[in-house]
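*Asks:* Let me begin by handing over the structure; questions about it come next.
The values are calculated or read from the model by the stated rules, or taken from the named source; none is laboratory data. Since the structure is predicted, the reported quantities are computational estimates derived from the model, not experimental observations. Using ideal geometry, Cβ is built from the backbone for each residue, glycine included, and neighbour counts are taken over all protein chains shown.
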Amino acid sequence: MSERETWTSRIGFIFAAVGSAVGLGNIWSFPFQTAANGGAAFLVVYLLAVFLIGFPTMMAEFVIGRRGEQNPVASFKNIGYGNWSFAGGLGVFSSLVTLSFYSVVGGWVLSYIVGSATGAYFGDAGAYFGSIASGPTAIAAHAVFMLVTIGIVASGVTDGIERATTFMIPAILVLLVGLAAWATTLEGATAGYAFYLSPDFGVIADNFWSIVPPAMGQAFFTLSLGFSVMIAYSSYLGRDDSLPADGGAIVVVNTLVALLAGFVVFPILFATGGAGGAGGGAGTAFVALAGAFGNLPAGGIIGFVFFAVLLFAALSSSISLLEVPVSYISENYGYSRATTAVAMGATIALVGVPATFGTSWLGFYNDVVFKLLLPVAVLLIAVFVGWVADTEAVDELGRGSTFGESFTTAWLWWVRVVVPFAVIVTLYLGVTALYEGLNTGAYF
Ligand code: TRP
């Protein structure tokens with residue numbers, strides 16, 4: 001097999017990792033989770049989760065990947081702990097499941113780009129959603145989205161992933177800033193900003209335990225943690241960069257994109273009636289926004305740009321999810337990258353088909369990922385880095401870092417104690433909710 005690829009530059013790695021992080025999670029799910037959980041109160045808890053729990057966890061994944069220099073499964077072996085490969089295996093499996101329904105939503109985005117151009121959703125936003133969210137249209141759009149994802153991953157780490165994200169990330173930033181500037185001119189902007197940005201600490205205190213699981217889940221998901229994406233991406237780092245500096249840059253840009261998305265979405269929602277109708281899960285977000293676009297002057301153009309941004313964001317993430325199984329299968333069994341990308345992509349597309357049967361199926365996939373797989377995967381990584389490979393981890397984090405020994409020591413104890421504690425609480429609350437949902441027939 002040929003020589004293993006590496007990113008062509010440090011900025012190439014950062015763009016790719018930001019591309020993975022910035023996705024439907026930031027622009028679609030973040031504003032609507034915020035709306036559903038009390039606005040600014042959720043924002044505060046979410047930001048704490050991102051910086052206090054997510055950032056240290058991201059460095060834990062970087063340490064495994066750069067040290068292991070292989071796909072997520074083999075990296076554990078390469079560091080000297082082959083019996084922990086199952087943690088990488090869980091990452092491969094979870095990436096596959098996540099991409100299977102992520103791509104269905106990516107397909108919706110495609111349909112909304114078409115709908116913005118043709119005006120198909122202007123009259124009745126709810127009916128349009130109903131017509132594209134399930135059934136043949138949903139399957140076709142899901143297939144197209146997967147095909148594009150496969151095409152990029154098959155082209156390779158530098159020619160595919162790095163090149164695509166180096167184009168898409170700047171485009172996302174420029175277009176979002178433009179949309180946010182336009183949104184300041186809307187009638188409802190002030191009310192939207194107020195809902196978004198003035199935390200009511202009473203609301204936080206009263207609802208803390210119900211805000212924690214979605215805020216933590218959202219933090220892990222938006223940073224692409226747990227499912228070995230950051231292990232895979234950092235394994236292509238050939239050099240001694242500062243992992244804390246790179247991780248910090250990635251977390252900050254990812255957070256800025258989510259915050260910017262709020263500055264676009266909330267004025268739009270409040271211009272046409274408030275955030276009230278937008279909190280109810282997968283579909284309501286699309287219906288609420290599309291309804292607003294249908295009622296605003298030049299809404300078709302604005303909608304087109306908004307959904308184009310969403311498509312770039314979704315694609316720059318979906319390629320990272322496909323990269324995990326592709327790197328594992330191709331390195332482990334010696335198939336070419338292109339063949340593996342096609343085979344894995346097709347498999348994942350099939351696994352996702354039930355999510356096109358209706359939004360309750362999609363909600364089930366989503367909840368299994370957020371409430372079960374994500375916290376379990378993050379817990380395994382924290383325990384591995386904090387307690388099993390701690391010597392190697394400390395050494396690796398110090399390589400190329402200018403942050404000094406006390407930073408590294410503080411990080412280690414944080415990963416040992418604080419991260420697992422926070423994740424176990426989240427896992428308990430999440431699994432209880434999932435179990436309850438299954439028992440009360442919330443899904444099927
Ligand atoms: N972070 C992406 C988003 O916000 C989704 C994503 C990509 C992801 N890769 C991941 C989530 C790996 C968890 C694990 O949309």
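*Asks:* Given the options 376, 368, 305, name the one that is surrounded by fewer than 20 Cβ atoms within 10 Å (Cβ to Cβ) and more than 20 Å from the chain's Cα centre (by Cα). Step through it out loud before you land on a result.
*Replies:* Numbers: 376 fails: more than 20 Å from the chain's Cα centre (by Cα); 368 fails: more than 20 Å from the chain's Cα centre (by Cα).
Going through 376, 368, 305 in turn, the sole match is 305.
*Asks:* So which residues in the range 318-331 are out of contact with any Leu (no Cβ under 7 Å at 6 or more places or on another chain) and either not charged (D, E, K, R) or not in a helix (DSSP H, G or I) (or both), if there are any at all?
*Replies:* 319, 320, 324, 326, 327, 328, 329, 330
*Asks:* Which members of the range 387-444 meet the condition of being touching a Lys or Arg at 6+ places or on another chain (Cβ under 7 Å) and either acidic (Asp, Glu) or modelled with pLDDT of 95 or more (or both)?
*Replies:* Filtering the range 387-444 down to residues touching a Lys or Arg at 6+ places or on another chain (Cβ under 7 Å) leaves 387, 392, 396, 430-431, 433-434.
387, 392, 396, listed by residue number.
*Asks:* Ok, one more. Residue 222 versus (1) modelled with pLDDT under 95; (2) within 29 Å of residue 272 (Cα to Cα); (3) not hydrophobic (A, V, I, L, M, F, W, C): which is the lone unmet condition?
*Replies:* With (1) modelled with pLDDT under 95; (2) within 29 Å of residue 272 (Cα to Cα); (3) not hydrophobic (A, V, I, L, M, F, W, C) applied to residue 222, the lone miss is (1).
*Asks:* Can you name every residue in the range 101-133 that is part of a helix (DSSP H, G or I) and free of Cβ contacts under 8 Å to residues at least 12 places away in the same chain?
*Replies:* Within the range 101-133, the first condition is being part of a helix (DSSP H, G or I), and the residues that meet it are 101-118, 125-133.
Selection gives 114, 118, 127, 130, 131.
*Asks:* Can you name every residue in the range 405-436 that is in contact (Cβ under 8 Å) with a residue 40 or more places away in the chain and over 26 Å from residue 369 (Cβ atoms)? Outline the logic, then answer.
*Replies:* Residues of the range 405-436 in contact (Cβ under 8 Å) with a residue 40 or more places away in the chain: 407, 411, 414-415, 418-420, 422-427, 429-431, 433-434.
Once the filter is applied, which keeps residues that are in contact (Cβ under 8 Å) with a residue 40 or more places away in the chain and over 26 Å from residue 369 (Cβ atoms), the range 405-436 yields 407, 411.
*Asks:* Does any residue of the range 113-125 turn out to be in contact with a Ser or Thr (Cβ under 6 Å, 6 or more places away or on another chain), of a type in the set (Gly, Ala, Ser) and either within 22 Å of residue 359 (Cα to Cα) or at pLDDT below 95 (or both)? If you could, list the steps in order and put the result at the bottom.
*Replies:* From the range 113-125, those in contact with a Ser or Thr (Cβ under 6 Å, 6 or more places away or on another chain) are none; that's our starting set.
No, the conditions are met nowhere in the range 113-125.
*Asks:* Which fully enclosed helices (runs of 4 or more DSSP H) of the range 36-100 have 2 or more residues being within 13 Å of the ligand (Cβ to nearest atom)?
*Replies:* Per the criteria, 55-68.
*Asks:* Is it the case, given these coordinates, that residue 342 is assigned to a helix (DSSP H, G or I), at pLDDT 95 or above and more than 16 Å from the ligand (Cβ to nearest atom)? Lay out the reasoning, then the answer.
*Replies:* Numbers: assigned to a helix (DSSP H, G or I): yes; at pLDDT 95 or above: yes; more than 16 Å from the ligand (Cβ to nearest atom): yes.
When the stated conditions are applied, residue 342 passes them.
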